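Everything below concerns the one structure shown next.
The values are calculated or read from the model by the stated rules, or taken from the named source; none is laboratory data. It should be emphasised that the depicted structure is a prediction, and the values quoted were computed from it without experimental measurement. When we count neighbours, we look across all protein chains shown, and the Cβ atoms used for this are built from the backbone with ideal geometry, even at glycine. Accessible surface is based on the protein model in full, side chains and every heavy atom, while ligands, DNA and RNA are left aside. Shrake-Rupley method; radii C 1.70, N 1.55, O 1.52, S 1.80 Å.
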Amino acid sequence: MDWSLPLNLSTQGVVIDRLFWIIAVLTGVAFILVEAGIIWFSIKYRRRDGQKAHYTHGSKKAEIIWTAVPAVILAVLGIYSGGVWADIRGASALPQDALTFNVVAKQFEWNITYPGSDGRIDTADDFVVRNQFHFPANEPVIVRLESEDVIHSFFVPELRVKQDAVPGMTIPIWFEATGTGEYQIACAELCGLGHYSMDAQVVIHDRADFDAWSAGQAAGN
Amino acid sequence: MATIVAEGTGQAILEEHHPQTFLRKYMFSTDHKIIAIQFLIYTLFFLMIGGFLAIMMRYQIAWPDQTLPGGGILPESMVASGYMLPEFYNSLVTMHGSIMVFLAIMPMLVGVYANYLIPLQIGADDMAFPRLNMMSFWLMVPAGLLTLASFFVVGGAASSGWTLYAPLSARPDLSGVELGQIYWLLALVLIGLSSILGSVNYITTVINMRAPGMTWFRMPLTVWALFITAILGLLAMPVLSAAGIMLLFDQTIGTTFFLPEGGGQPLLWQHLFWFFGHPEVYILILPAMGFTSEIIAAGSRKPVFGYHAMVWAIISIAFLGFVVWGHHMFQSGMNPMLGLSFTISTLLIAVPSAIKTFNWMGTMWRGNLHFHTAMLFAVGFVAMFAIGGLSGIFMASTPVDIYIHDTYFIVAHIHYVLFGGSLFALFGAIYYWFPKMFGRMMNEKLGKVHFWLTLIFFNLVFFPMHGVGMAGMMRRIYDSSGYAHLQGIQDTNALITFAALGLYASGFLFAFNFFWSMKKGKKAEANPWNATTLEWQTPSPPMHGNWAETPVVYHGPHEFSHPDVEDKDWLAQNERPDVVSPAGGGH
Amino acid sequence: MAHAAAATAGRAHERGLDVYTQKVGMWIFLCSEVMFFAGLIGSYIVLRFGASDAWGEPGEVLNVPVTAVNTFILICSSVTMVKAFAAAQEGDQKSIKIYTLATAALGALFLGVQGYEYTELILHSEWQGSHGFTPQAGLYGATFFTMTGFHGFHVFLGVVFLSWASIRAFRGHWGPNNYQGLEVLGLYWHFVDLVWIILFTIVYLI
Ligand SMILES: [Cu+2]
């Protein structure tokens, strides 16, 4: 294990990873200060004969400083996070006219409905492939998540995407892959005895390859 | 000055002092001290069970392709031809969490220490309602029996996670578990009732039964923490009970509160659960913070740094605890626009936690630190809780939470808070108040070995889990070998399991020390730690009724190293500085 | 509850709420009850907003006039409860007996009417084309029976305690020096009454 996040392949992942490491540095500094302080005090002020503790009930000044400093840092972090979140999940963040797929989870498989040759979902030429999610890189795509039975969670680590699929709801998410290759969807929400093996193949193509694959599938149907 | 009220005669108290049968004295006792000890034995038992479930889980995670050692003695429905079944693994995941939260940590923090410490630290002779108090323990007994029995019914124990997300929890046809789930929900309703009765008792006792002079801002921080915790339990548990009953109806009589096919809403369960669940997190940590403050003050021989700030931090944590529940649901399908408000409230709640951490360090600063075992655990609590608090910032940030939600990063975080936090403080509390409870000291040498082993193994178990989570390992999976992105962490998973075995084994060192010291430990004085709060100003263990004579309180709870006091570095709450050291004069 | 101030008697203590312990305890317990019903009522509101077509018009299934009478019965029982408490403070033994017993009887009558209502709904009513309005009749039936059922359960507990209080009344237990038990029971009873008025409004009238 190398204490790193896995390869990132999405535009959202760039900002998510950046935010992750910003927090890692901030909390890392706080971590070192606190732990070093505890160890230092533990050694320096350990019991000695004749040593009398300093009698004090506190210091307003110190307390104001260590209330205000974390408050300011956390507020800035919260506002920054909120901005990034709005870019990813906000109501207006969902791209217009992006290629759309329906992903329907059920115990213990993922059924993906493809838009077919017209490039539009909910039309007659849609086709369904079980446990295989192909999509093109370098353009935003939308996934409309549904579930037929219990709650599942659509998780592709390399895309930094995770969203629960809830029965009775259709939840749209979007992402844009920045490279091609073969990966996996994992289910991240406990969904029953096959939860651990509820995976599906993810294949990210160039647009041309994707169109060819899609045409081949449509012809095969 | 405070008003002192005296009513009636001593009749009611004197009546309680008849010789009692064994059954009245130790089984159906209404003495808060005996009830606390009953809770202590009960919760230690469930701590051992909950830990054992975790060990079985860890074995499966580390070596998914191997047979479970000794698995042969378990029924075929759990372990088939030597291999653990995924449905049993899901039960282990679920019941480890459920047992640890509801039958071990929460009743140990509250059932044991609210019961034991509140009357003693405020100078009361017992709880306001001793019989309700007895009932709140005896409700936990059927709850525990139902929980244990649920493993052996058809379909096994509940397997939908401790969070019981519907529809999985509500649909036996989808989870494969029917009776086990019903047993657990019934247990949960009993636990809820027990906890509510307990809360009514604790709150009333603190409000109305403080000794003369024990004003609100002279109460020890433990009492403050337990008082606020009781308020959280009082207001949060009934919501869980209501939700649990609706879930039980979905499961048994065919209603559809949380089932979309009947128009119900799965997310409603999550809102109700986390409306309870987040205050529950603070129920699990505030008392631990109280114990820590007390032990660190006594161990450092200094007053608590910023006592008032500590009180206000507890109060604001409790208040904010009711408005942050949505941060468990960022990826649930809840309206994303709610994300920002829950992020802000969640980051806000980190501020009082930070204040508390710095104030504990401030208490140690320029102290005269006595590192007995309790102090080691209390300082360990600060060091570990800080890590749990800091890792919480990652998931409070909604975009980062997209990636780490439902991964081992969360598992690491919750264990730094609940084990490195709550349980470290509880170990500290047990070592610290053991002499008062049993009249004997625990063995310090064994205690220190137990501390260092626990600290080392704990960090070896849970620190690497952050990395496992960063690598993307999902929670609650029975076998990660099918995932390409998880191939590189299998060695780490094995290391974690070895360390978990060590951690569990060091628990037995503690158990040995506990039971051995109860019989053979060195006799304890009334005040072995030279501490200031009232419970130390009466014999160890205290008599029935607690006090030879009701104490009168003259000042705040942690007057260590008072400059006006000569000859000793502490001043009990019921001692006046001008009486102890007449030369010194008033403060 | 018998010896109202027993728990604090005989000891000096710091000033608390200036209210005896049992009363404080009941207030606190009722806070918890508020949260329990808030959980049920909150869920009802969320579910009803989410699927309003699952609900019937007021009066379509539920018998509003009968329940209105029942509501009146419960309100009357709150009045008799107040009278019983006042009589205890004044030491009017005859009134204590009459009003305590009347409160218990009115509570029992409420339960009887509710039982009649349930029977009619389950056995003799029509809802969305099927016979019988039951807890399985969609979210409407589920929320109706859960909320009114839990309220009924609270009334039932109240009647049990009121019967006990009545027995004590006939033994001359209550009086000017011993009214706390009745007062605390009264707090509970008024709370149950209040919850009913809210339930009646949102379940039957809206
Ligand atoms: Cu799944």
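Summary of computed values
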quantity: Globularity ratio of the stretch B:11-579, using Cα Rg and 2.2 N^0.38 Å; calculated: 0.96
quantity: Centre separation in Å (Cα based) which lies between the stretch C:149-165 and the stretch B:495-518; calculated: 49 Å
quantity: Förster radius 56 Å - calculated FRET efficiency between A:Asp49 and C:Leu205, Cβ distance, rounded to 0.05; calculated: 0.10
quantity: Expected 222 nm ellipticity per residue - DSSP helices of 4 or more, -39500 (n - 2.57), all of chain B, to 500; calculated: -19500 deg cm²/dmol
quantity: Neighbourhood charge, 15 Å Cβ-Cβ cut-off, centred on A:Val203 and excluding it, Lys, Arg +1 and Asp, Glu -1; calculated: -4
quantity: List of the stretch B:345-367 residues, accessible area with partners at least 50 Å² below that of the chain alone (1.4 Å probe); calculated: B:Leu347, B:Val351, B:Phe358, B:Met361, B:Trp365, B:Arg366
quantity: Local net charge near C:Leu47, Cβ-Cβ under 15 Å (Lys/Arg +1, Asp/Glu -1); calculated: -2
quantity: Per residue solvent-accessible surface (Å²) - the stretch B:11-579, probe of 1.4 Å; calculated: 29 Å²
quantity: Rg and Dmax [Cα atoms of the stretch B:244-310; Å; Rg one decimal, Dmax integer]; calculated: 21.0, 63
quantity: In nm, spacing of pseudo-spin labels at B:Phe22 and A:Asn138 (7 Å Cα→C-beta vector); calculated: 8.4 nm
quantity: Residues B:Lys523 and B:Asp578, FRET efficiency given R0 of 41 Å [Cβ-Cβ distance, rounded to 0.05]; calculated: 0.80
quantity: Solvent-accessible area per residue, Å², over chain C with all protein chains present [probe radius 1.4 Å]; calculated: 43 Å²
quantity: Local electrostatic count, B:Asp491, Cβ distance below 15 Å [Lys/Arg +1, Asp/Glu -1]; calculated: -1
quantity: Accessible heavy-atom area order of B:Arg58, A:Arg48, highest first, probe of 1.4 Å; calculated: A:Arg48, B:Arg58
quantity: Dipole-positive endmost among A:Gln217, A:Gly194, A:Gln132 within the stretch A:99-220 (Cβ charges, Cα centre); calculated: A:Gly194
quantity: Cα gyration tensor shape of the stretch B:133-200, rounded if a/c is under 1.5, else prolate or oblate by comparing a/b with b/c; calculated: oblate
quantity: Cα gyration tensor shape of the stretch C:20-205, rounded if a/c is under 1.5, else prolate or oblate by comparing a/b with b/c; calculated: prolate
quantity: Cβ-placed point charges (K, R +1; D, E -1), dipole of the protein assembly as shown about Cα centre in debye, nearest 20; calculated: 3980 debye
quantity: Accessible area buried, both sides summed, chains B and C with 1.4 Å probe, Å²; calculated: 3700 Å²
quantity: For the pair B and A, total buried accessible area rounded to nearest 100 Å², probe 1.4 Å; calculated: 7600 Å²
quantity: Linear extension gain, B:Ser316 paired with B:Ala149, 0.36 nm per residue minus alpha-carbon span; calculated: 56.1 nm
quantity: The stretch A:99-220 - accessible surface per residue (Å², probe 1.4 Å); calculated: 33 Å²
quantity: Alpha-carbon centroid distance for the pair the stretch B:182-220 / the stretch A:78-110, whole angstrom; calculated: 44 Å
quantity: For chain A, calculated [θ]222 nm from helices alone, where every DSSP H run of n ≥ 4 adds -39500 (n - 2.57); calculated: -12500 deg cm²/dmol
quantity: Two-decimal log10 I(q)/I(0) for the protein assembly as shown, as the Debye equation yields it once each C-alpha is a single scatterer, q = 0.07, 0.08, 0.09 Å⁻¹; calculated: -0.66, -0.86, -1.07
quantity: Euclidean distance of C-alpha centroids, the stretch A:1-28 and the stretch A:164-221, integer Å; calculated: 23 Å
quantity: At least 40 Å² of accessible area lost relative to the chain alone, listed for the stretch B:128-144 with a 1.4 Å probe; calculated: B:Phe129
quantity: Apportionment of accessible area to carbon and sulfur, the protein assembly as shown, percent (1.4 Å); calculated: 66 percent
quantity: Subset of B:Lys436/B:Lys519; B:Lys445/B:Lys519; B:Lys25/C:Lys23; C:Lys23/C:Lys94; A:Lys106/A:Lys162 violating a 19 Å alpha-carbon distance limit; calculated: B:Lys25/C:Lys23; C:Lys23/C:Lys94
